[in-house]
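Everything on this sheet refers to the single structure shown next.
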Amino acid sequence: MKAIVTLNAGSSSIKFALYELSADGLRFDAGGKIEEIGTAPRLRARDAKGEVILEHDWPQGDILSHEHLLDDLFAWAATQLGDREIVAIGHRIVHGGTAFAAPRPIDDALLDALADLIPLAPLHQPHNLAAVRALRTLAPHLPQIACFDTAFHHDLPQLATRLPLPRAFHDQGVRRYGFHGLSYEHIAARLRDADPERAGGRVIAAHLGNGASLCAMQEGKSVDTTMGFTALDGLMMGTRSGALDPGVVLHLQTQLGMSAKEVETLLYKKSGLLGVSGASSDMRTLHASGAPEATEAIELFVRQAARQAAALIPALGGLDGVVFTAGIGENDAVIRARICKSLAWTGLALDPDANGANAAVISARESKVLVRVIPTDEEAVIAHHVAGLIKSVGRSVP
Ligand code: ADP
């Protein structure tokens, strides 16, 4: 039996999944996450029934690189494979620039081109590519496939890609790209399955996790999105500021004497929920806290999300549907209710019981806007792309 592995290597976590590939299609077999890389790495894997099949903690202070952890992960995977043979690995690659609009096999030239995009996604791209390189050493003959988070937004209307800067910058790549594309691709597909009529309508998808963004979709395609040139733009996030008056960045550097690196660390790692609360980047922790700073951080998160959702409506010319996804979007009824309350002027009304139960449809019967909760599954999107490529070019993906 053939198998496909998916990898999503971030700065502090590596998500992975194993899928069986048969004539009937793909079947999720097992998956999990290594978290807290750099401090106290912790691995959890579950099977298709959700049962924990592997737990491993690396002792506190045992600071291991991504490469070491991938090595351990593959050693474990080898013991789990039985008669299954891994035929390809699919990677989430955050930035595909303007050139890469579809998944493709990774060769030296692609790896170099993707390394050139590191300055556009300094928090994510280096880790994505480090995983590719580590696996090239571990399993040199195994085909690796890049699946891009920017690809879903590749055909954004021209105007949605432009920043109000002199034209020459746009031509050098200083433009809006959009991210979380694998998640939005999944949402668009599930929406087509569940509700073909409304999937063709005007929908805002809200990916609210540690990273957070909104995507305005029409006919299941991205027409506008809150993340732009980098994954720092748009909504307030766990540790990222989101959209900011650019004058703040100038002030930090010219008046407060911060270096570019210090500003980068501040905006990517110390801001957002963490910065405003002064306590945590984790929404659950903030809800439990009760401290006024934690409450204010939550209120600002909601305000930013509602404000930016409203700002996407002109691109759609109206609103037929809202979809919530990712950790906060799928689980946090309080945040969903508050964002939706701010959008009540669109005719949106929630059903509080359905919302409290994280039901698939959470809008009230009389609501003019249908509100759904759809769990995201970026790993499944990657696995499907890899399976599609294997089918189209046979086993010999380079
Ligand atoms: P990532 O971007 O790392 O994939 P996730 O999609 O897992 O992030 O989202 C993480 C966020 O989701 C955290 O702020 C976490 O507190 C929040 N979250 C996860 N589960 C719940 C829950 N049951 N209730 C409220 N928030 C949750």
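The values are calculated or read from the model by the stated rules, or taken from the named source; none is laboratory data. What you see is a predicted model; the values in this text were computed from it and never measured. FYI the Cβ positions are ideal-geometry reconstructions off the backbone, even for glycines, and counts take in every protein chain you see. Heavy atoms of the whole protein, side chains included, go into the accessibility calculation; ligands, DNA and RNA do not. Shrake-Rupley method; radii C 1.70, N 1.55, O 1.52, S 1.80 Å.
Within the group 311, 337, 349, which residue is open to solvent by 20 Å² or more (accessible area, probe 1.4 Å), small (Gly, Ala, Ser), modelled with pLDDT of 95 or more and within 16 Å of the ligand (Cβ to nearest atom)? Step through it out loud before you land on a result.
Values: 311 fails: within 16 Å of the ligand (Cβ to nearest atom); 349 fails: within 16 Å of the ligand (Cβ to nearest atom).
Of the residues listed, the single one that is open to solvent by 20 Å² or more (accessible area, probe 1.4 Å), small (Gly, Ala, Ser), modelled with pLDDT of 95 or more and within 16 Å of the ligand (Cβ to nearest atom) is 337.
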- Failed item, numbered, when residue 88 is tested on (1) part of a loop (DSSP other than H, G, I, E, B); (2) within 18 Å of residue 390 (Cα to Cα): (1)
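Please find, among 286, 267, 274, the residue that is in a helix (DSSP H, G or I) and within 17 Å of residue 329 (Cβ to Cβ).
286
Okay, residues lined up against (1) touching a Phe, Trp or Tyr at 6+ places or on another chain (Cβ under 6 Å); (2) in contact (Cβ under 8 Å) with a residue 24 or more places away in the chain:
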position: 4; (1), (2): yes, yes
position: 7; (1), (2): yes, yes
position: 10; (1), (2): no, yes
position: 22; (1), (2): no, no
position: 26; (1), (2): yes, yes
position: 37; (1), (2): no, yes
position: 42; (1), (2): no, no
position: 50; (1), (2): no, no
position: 55; (1), (2): no, no
- Query: So which residues in the stretch 314-331 are within 16 Å of the ligand (Cβ to nearest atom) and β-branched (Val, Ile, Thr)?
  - Reply: 323, 325, 328
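With the structure loaded, tell me whether residue 376 is surrounded by fewer than 16 Cβ atoms within 10 Å (Cβ to Cβ), within 14 Å of the ligand (Cβ to nearest atom) and under 24 Å from the mean Cα position of the chain (by Cα) or whether it fails that test.
Details: surrounded by fewer than 16 Cβ atoms within 10 Å (Cβ to Cβ): no; within 14 Å of the ligand (Cβ to nearest atom): yes; under 24 Å from the mean Cα position of the chain (by Cα): yes.
In short, no.
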- Do you know which residues across the stretch 271-299 are of a type in the set (A, V, I, L, M, F, W, C) and either at pLDDT below 95 or within 14 Å of the ligand (Cβ to nearest atom) (or both)? 273, 274, 276, 279, 283, 286, 288, 294, 297, 298
- Query: Given (1) modelled with pLDDT of 95 or more; (2) among the aromatic types (Phe, Trp, Tyr); (3) more than 13 Å from the ligand (Cβ to nearest atom), where does residue 268 come up short, assuming only one miss?
  - Reply: (1)
- Note on the structure: Within the stretch 352-361, of all residues that are open to solvent by 30 Å² or more (accessible area, probe 1.4 Å) and more than 16 Å from the ligand (Cβ to nearest atom), the one nearest to residue 210 (Cα to Cα) is 360
- Task: Those residues that are more than 20 Å from residue 190 (Cα to Cα) and of a type in the set (D, E, K, R), I need them from the stretch 336-362; list them, please.
- Result: 338, 341, 351, 353
- When every residue in the stretch 202-214 that is touching a residue at least 60 places away in the same chain (Cβ under 8 Å) and touching a strand residue (DSSP E or B) at 6+ places or on another chain (Cβ under 6 Å) is compared, the one most open to solvent (accessible area, probe 1.4 Å) is 202
- Kindly provide the set of residues from the stretch 193-213 that are touching a helix residue (DSSP H, G or I) at 6+ places or on another chain (Cβ under 6 Å) and within 16 Å of the ligand (Cβ to nearest atom), ordered by number. 205, 206, 207, 208, 209
- Message: I need the full set of residues from the stretch 57-84 which are at pLDDT 80 or above and either aliphatic (A, V, I, L, M) or open to solvent by 80 Å² or more (accessible area, probe 1.4 Å) (or both), in order please.
- Response: 57, 67, 68, 69, 70, 73, 75, 77, 78, 79, 81, 83
- One residue from 319, 312 being farther than 22 Å from residue 193 by Cα, not in a strand (DSSP E or B) and not aromatic (Phe, Trp, Tyr): 312
- Task: Give the residue that is farthest from the ligand (Cβ to nearest atom), with candidates limited to residues of the stretch 216-244 that are in a strand (DSSP E or B) and either closer than 19 Å to residue 120 by Cβ or charged (D, E, K, R) (or both).
- Result: 221
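So which residues in the stretch 142-165 are assigned to a loop (DSSP other than H, G, I, E, B), open to solvent by less than 20 Å² (accessible area, probe 1.4 Å) and not β-branched (Val, Ile, Thr)?
143, 149, 156
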- First in the stretch 181-194 and within 14 Å of residue 93 (Cβ to Cβ) and in a helix (DSSP H, G or I), second anywhere and open to solvent by 60 Å² or more (accessible area, probe 1.4 Å) and not acidic (Asp, Glu), Cβ under 9 Å, 6 or more apart: 181/154
- Message: Cβ-Cβ under 8 Å, sequence separation 6+ or interchain: first residue in the stretch 324-342 and on the phi > 0 side of the Ramachandran plot, partner more than 7 Å from the ligand (Cβ to nearest atom) and modelled with pLDDT of 95 or more. Which pairs?
- Response: 326/183; 326/207; 326/208; 326/212; 326/376
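When you check residue 261 against the structure, is it in contact (Cβ under 8 Å) with a residue 24 or more places away in the chain and over 23 Å from residue 192 (Cα atoms), yes or no? So that I can check it myself, show each step before the final result.
Numbers: in contact (Cβ under 8 Å) with a residue 24 or more places away in the chain: no; over 23 Å from residue 192 (Cα atoms): yes.
Judged against the criteria, residue 261 is not a match.
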